[in-house]
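*Asks:* The structure follows.
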Amino acid sequence: MQKKYQQTIGNSAGLIKGAVVIVIITILVLNSFYTINEQEAAVVTTFGIASPVTESGLHFKIPFVQQVTKVDTTIKGFPIGYDAQTNNAIEDESLMITSDFNFVNVDFYIEYRVTDPVKALYASQNYEAILKTIAQSSIRAEIGSYPVDSVITTGKSEIQANIREKISRHLENHDIGISLINITIQDAEPPTAEVIEAFMNVESAKQGAETAVNNANKYRNEQIPAAEAEVDQILKEAESTKEARINEAEGQAARFNEIYNEYKKYPLITKQRMFYEAMEELLPDLKVIIDGSDAGDIQKLLPLESLFEVNN
């Protein structure tokens, strides 16, 4: 009986030992592997030495010796100047002063991503808080260098670019394992309703001025081609008139030279012909008969047209 009892106790102890071994093996197996998703990175710490693991998939670690901390590497963001849940303004963050000593409420949204998981975990206690502090400092410095009109209307893109550059430079200097993806101005407006209305009126006036300038440019662009065409037509007509007058003058000069050459050969005959041609041109309807009989130095011009008409 006692022997049987001892055998039973021995069997039970063996089963317990086997179960313990199985549990230990299971724990070791479960603590020997870990999985990294595509949007994650891991930091494996071995005796206080941290090393990053960025490849997704199943990985092995030494149980109870290596510790694994996963880090989210997706793009994250947070607002400055308003509550993301209620969309209510936070004036302590949004109220700023411009270079022309005006107040303005400006809301921003910042996007960032973890680029070095080891530094993100161990270089700071709260990298997002550090980023927000850097962003607020850069934003206030930049807004303070612009007049209120530029902050609210025309200078938003330039202001965003300058703030992005400042924040990125500060992050490089602090080297906390994160990088700025983007920063955008969500809203910019004066702090009171009266000032808002005034700025809206100013903006409307600016738009009206731009419309007037655009219309003037349109009219100018329409009129310039017509004026150029008219100028071109005038120039062509002037050129044609010039050519015609030059040709006419050249023709008259050639005719004069011909007459002069004839005159040198036969002066008297040429003078008489020129006289007759002139009289024919001046008195086209006058008909005369020249009496060439000897009467001294006087020639008789007899208007015999009326006699001819009577005889006919």
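*Asks:* Return the long-range amide H neighbours of Ile181 (sequence gap of 5 or more, or a different chain), with a cut-off of under 5 Å between placed amide H atoms.
*Replies:* Sorted by chain and number, the residues that satisfy this are Glu111, Tyr112, Arg113.
*Asks:* Right, something else. Multiplying the sequence separation of Tyr263 and Val213 by 0.36 nm and subtracting their Cα-Cα distance, what value in nm do you get?
*Replies:* Full extension from Tyr263 to Val213 adds 10.8 nm.
*Asks:* List, in order, the whole-Hz ³J(HN,Hα) value for each residue of the range 177-182 obtained from phi through the Karplus relation with A = 6.51, B = -1.76, C = 1.60 and θ = phi - 60°; use x for Gly and Pro.
*Replies:* In residue order, the calculated couplings are x, 10, 10, 7, 8, 6 Hz.
*Asks:* Set the Förster radius R0 to 35 Å, insert the Cβ-Cβ distance between Asn88 and Gln39 as r into 1/(1 + (r/R0)^6), and round the FRET efficiency to 0.05.
*Replies:* Calculated transfer efficiency: 0.70.
*Asks:* List His170, His59 from most exposed to least, where exposure is judged by having the fewest other Cβ atoms within 10 Å.
*Replies:* Result, fewest neighbours first: His59, His170.
*Asks:* Once phi is turned into ³J(HN,Hα) by the Karplus curve 6.51 cos²θ - 1.76 cosθ + 1.60 with θ = phi - 60°, what whole-Hz value does each residue of the range 230-247 show in order, with x for glycine and proline?
*Replies:* 5, 4, 5, 5, 4, 5, 5, 5, 4, 5, 5, 4, 4, 5, 5, 5, 5, 5
*Asks:* Sticking with this structure for a sec: Whole Å is fine, so just give me how far the alpha carbon centre of the range 209-249 lies from that of the range 52-106.
*Replies:* Between the Cα centres of the range 209-249 and the range 52-106 lies a distance of 64 Å.
*Asks:* Assuming 0.36 nm per residue, please report the length gained on full extension of the stretch Ala141 to Asn247 beyond their Cα-Cα distance.
*Replies:* 30.3 nm
*Asks:* By how many nm would the segment from Val65 to Phe256 grow when fully extended, if each residue of separation counts as 0.36 nm and the alpha-carbon distance is taken off? Intermediate values should be presented prior to the final figure.
*Replies:* On the way: separation 191, 0.36 × 191 = 68.76 nm, distance 12.42 nm.
Between Val65 and Phe256, full extension yields an extra 56.3 nm.
Only the coordinates and a few stated rules stand behind these numbers; no lab work does. Predicted model, so just to flag it, every value in this text is computed and none were measured. Note that we place each Cβ from the backbone using ideal geometry, even for glycine, and neighbour counts take in every protein chain shown.
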